[in-house]
Amino acid sequence: MKQKGFHLFLMLVPFIILVFLLNYLPLYHWRAVFYNYKPSLALTSDRFVGFDNFINLIGNKFQMERLFQVLANTFALSGLSMLTLPLAMFFAIFLSEIRCSPFKKVVQTLTTIPNFISWVLVYSVASSAFATNDGFVNRLLVQMGVIDQGISFLSSSNHVWIVQIAWYTWKSLGWSAIMYFAAMSNIDQELYGAAEVDGAGRFARIWHITIPSLVPTLFVMLVLNIANFVNYGFEQPFVFQNVMNQRYIETLDLFVYNQGIAGRNQAAAIIIGILKTFVSLVLVFSANGVSKLVRKESVF
Amino acid sequence: MFRKKLTGWDLLFNISFYTIFTLFALLCIFPFYYIFINTISANDLSTKGLILFYPRGIHFDNYLEIFKLKDIGRATLVTVSRTVIGTVGTVLCTSFVAYILSKKNLWKRKLWYRFFIITMYLNAGLIPWYMNMRMLGLTNNFFAYVIGVINPYNLVLVKTFVEGIPDSLEEAAEMDGAGTITVFFRVILPLSKPVLATIAVFTAVLQWNQFMDTLILMDDARLTTLQYVLWQFLNQSSSIARILQGSGAAAIIDPSRLLTPTSIKMTISIVVVFPIMVLYPIFQRYFVSGIMLGAVKG
């Protein structure tokens with residue numbers, strides 16, 4: 001029996017090696033923060049600089065200012081996306097109020113599709129809708145005589161956060177509502193019957209039965225969001241960034257890319273990456289702790 | 001059951017719900033419709049901005065011409081290959097590992113399960129990841145696209161499912177002299193179809209949409225994917241001009257058929273979104289069951 005167990009382990013070995021190489025080994029490269037790292041050169045002992053990279057980053061006033069802006073952007077985008085969480089709940093509640101089920105099905109299918117297209121394609125959609133010369137909105141407005149010249153919606157430094165959250169909501173709202181539909185199908189239908197007998201109207205039933213039953217799901221989504229607070233995606237700000245909006249769109253992930261891959265400041269990129277990993281671990285465990293405390297159940 | 005008659009308020013709310021949901025559904029689908037009618041309309045009318053709500057001068061030359069452009073034909077091939085190979089690899093390897101991990105008598109079972117699951121939270125960061133991939137020789141290498149076959153989230157889904165399969169079925173097969181691998185292929189795989197379909201559709205969408213790995217790991221134009229080509233075209237008109245020059249597109253004299261930068265962008269967008277638009281409604285239930293299973297803690 002014991003031999004059988006070891007035999008099973010041997011079949012697992014190739015996969016253990018694969019996951020070690022792809023997921024664990026990158027941590028070994030953290031040592032590059034203590035070196036004067038250049039992509040084409042090996043990390044030899046004469047390039048060892050100790051904590052100089054940290055000191056340089058903290059001492060560089062220009063870099064630090066940019067970093068504070070990047071933090072503000074990340075927190076603003078994550079915070080705003082958290083504010084949009086209840087939208088999905090209301091989407092589900094109101095859609096389920098509609099009795100015509102083919103209509104419901106079609107709305108569900110059409111509104112979930114944007115969740116499954118890439119951010120590059122969302123940007124393509126954005127540019128065919130809002131491009132200055134050949135975007136749909138500008139063409140329509142010019143043809144109707146509302147404006148003489150196209151407005152540059154996409155390369156504007158105004159309301160960058162709100163615009164990005166609007167795209168994020170467009171992409172994810174329909175899909176996020178799916179969770180609430182599932183939670184709603186678990187509500188005991190007799191509750192509604194009893195409420196109706198007691199003379200509760202439509203909104204009284206939503207307020208006193210549906211919403212309280214959905215709050216736990218909303219809470220789980222909130223915890224997941226807190227755990228990912230520093231990880232506002234890379235691809236969305238990356239595809240939407242341009243010279244005009246860069247100041248307000250650069251998130252931590254994008255900063256790491258702009259500094260370390262597009263730019264020449266690999267040291268700063270690695271330092272921020274490492275800090276982000278630790279902060280994100282702390283957030284995951286504290287979010288989980290809060291969940292355990294409140295719901296007596298862990299999310300992860 | 002008795003139904004009360006609709007009051008004025010009910011009617012008002014019904015009308016507003018229908019209106020809001022119709023508008024939002026249109027907002028989700030109209031952009032794709034708009035791009036599509038522009039790709040099948042006469043290209044000169046499209047350039048002048050005359051195609052807003054319905055197609056005019058319908059033709060399909062854009063689709064025929066675009067695959068003749070060398071870069072796009074190759075990018076399509078790479079994208080389809082990575083999607084197919086990556087999905088098959090992920091489904092087979094993840095379900096095999098999940099099956100082994102579900103065996104109670106596996107040596108150090110708990111340790112190995114944690115070893116795989118912890119990777120959910122292990123994120124070394126972009127630069128260390130890049131350094132690692134370069135060290136492993138996975139830059140400018142097609143394998144980089146398809147080698148990440150073990151995804152911890154999928155692993156949890158499949159393991160939970162496999163643990164629900166009655167042991168008696170496996171034992172019966174083992175009585176007949178079947179080894180672990182035979183049991184996996186003959187018993188576990190066929191019985192796990194629903195959960196495997198779920199991870200397959202999610203992996204396929206992920207592979208099809210993946211963009212960042214090309215951006216960071218691949219300099220070689222031969223390994224470019226459709227998503228990356230689309231992004232390049234959206235950002236750099238120079239890359240479109242280069243492609244148009246080498247294509248002999250100038251030989252087409254008819255202005256309604258002549259490829260333009262906008263027609264190329266729009267046509268690639270439709271090529272990229274087409275499989276998702278067509279397949280999503282068919283596989284919708286697998287996507288939905290995926291999020292339900294995912295909601296159950298692993």
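Rule-based calculations on the coordinates, nothing more; no lab input. For clarity, every value in this text was computed on a predicted model and none was experimentally measured. Heads up, the Cβs are rebuilt from the backbone with ideal geometry, glycines too, and the neighbour counts pull from every protein chain shown.
Some values worked out for this structure:
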read-out: Distance in nm between pseudo-label sites at A:ILE211 and A:VAL137 (7 Å out along the Cβ direction from Cα); value: 3.1 nm
read-out: Value of Rg to Rh for segment B:60-295 (Rh from inverse mean 1/r over Cα pairs, i.e. Kirkwood); value: 1.08
read-out: Fluctuation leader among B:ALA75, B:ALA221, B:ALA204 - chain B, Gaussian network, Cα springs under 10 angstrom; value: B:ALA221
read-out: Which of B:TYR228, A:TYR168 has the fewest Cβ neighbours within 10 Å, and the rest in rising order; value: A:TYR168, B:TYR228
read-out: Distribution of pairwise C-alpha distances over chain A, 20 Å bins, in %; value: 23, 47, 26, 4, 0
read-out: Value of Rg/Rh across the protein assembly as shown [Cα atoms, Kirkwood radius]; value: 0.98
read-out: Virtual spin-label span in nm between A:LEU41 and B:MET277, 7 Å along Cα→Cβ; value: 5.2 nm
read-out: Pairs of Cα atoms farther than 17 Å apart, segment A:45-124, %; value: 72 percent
read-out: R0 of 22 Å, Cβ-Cβ distance A:MET82-B:TYR153: FRET efficiency to nearest 0.05; value: 0.50
read-out: Peptide-level mean, for B:130-138, of C-beta atoms on other protein chains within 10 Å; value: 5
read-out: Inter-label distance for B:ARG186 and B:PHE30, nm, one decimal - labels placed 7 Å from Cα along Cα-to-Cβ; value: 5.9 nm
read-out: Per-residue HN-Hα couplings for segment B:49-54 [Karplus 6.51, -1.76, 1.60; θ = phi - 60°; Hz; x = Gly/Pro]; value: x, 8, 9, 10, 10, 8
read-out: Descending Cα extents along the principal axes, segment A:86-154, whole Å; value: 45, 28, 24
read-out: Most fluctuating residue given options A:LEU67, A:LEU214, A:LEU25, as computed from a GNM of chain A linking Cα atoms under 10 Å; value: A:LEU25
read-out: For chain A, calculated [θ]222 nm from helices alone, where every DSSP H run of n ≥ 4 adds -39500 (n - 2.57); value: -20500 deg cm²/dmol
read-out: Descending principal axes extents, segment B:9-132, alpha-carbon based, whole Å; value: 68, 60, 30
read-out: Order of B:LEU215, B:LEU206, B:LEU12, B:LEU230 under a 10 Å beta carbon neighbour criterion, fewest first; value: B:LEU12, B:LEU206, B:LEU215, B:LEU230
read-out: Segment A:179-300: radius of gyration and largest Cα-Cα distance (Dmax), Å; value: 21.7, 70
read-out: Residues with amide H under 5 Å from that of A:TYR35, placed H, sequence gap 5 or more; value: A:VAL49
read-out: Span-like helix ranges in chain A, DSSP H, alpha carbon extent 27 angstrom or more, Kyte mean at least 0.5; value: A:61-83, A:160-185, A:266-295
read-out: Hydrodynamic radius (Kirkwood) for segment A:213-256, which is based on Cα pairs only, to one decimal in Å; value: 12.1 Å
read-out: Segment A:70-204: radius of gyration over Cα atoms, expressed as a fraction of 2.2 N^0.38 Å; value: 1.40
read-out: Relative compactness, segment A:141-188, computed as alpha-carbon Rg over 2.2 N^0.38 Å; value: 1.93
read-out: Sites B:MET292 and B:SER168 - FRET efficiency at Förster radius 30 Å, r taken between beta-carbons, to 0.05; value: 0.65
read-out: Built amide H within the under 5 Å cut-off of A:ALA131, gap 5+; value: A:PHE136
read-out: Sequence of A:ILE209, B:ILE188, B:ILE15 once ranked by neighbouring C-beta atoms within 10 Å, starting from the fewest; value: B:ILE15, A:ILE209, B:ILE188
read-out: Along principal axes, Cα extents of segment B:141-216, largest first, whole Å; value: 52, 23, 16
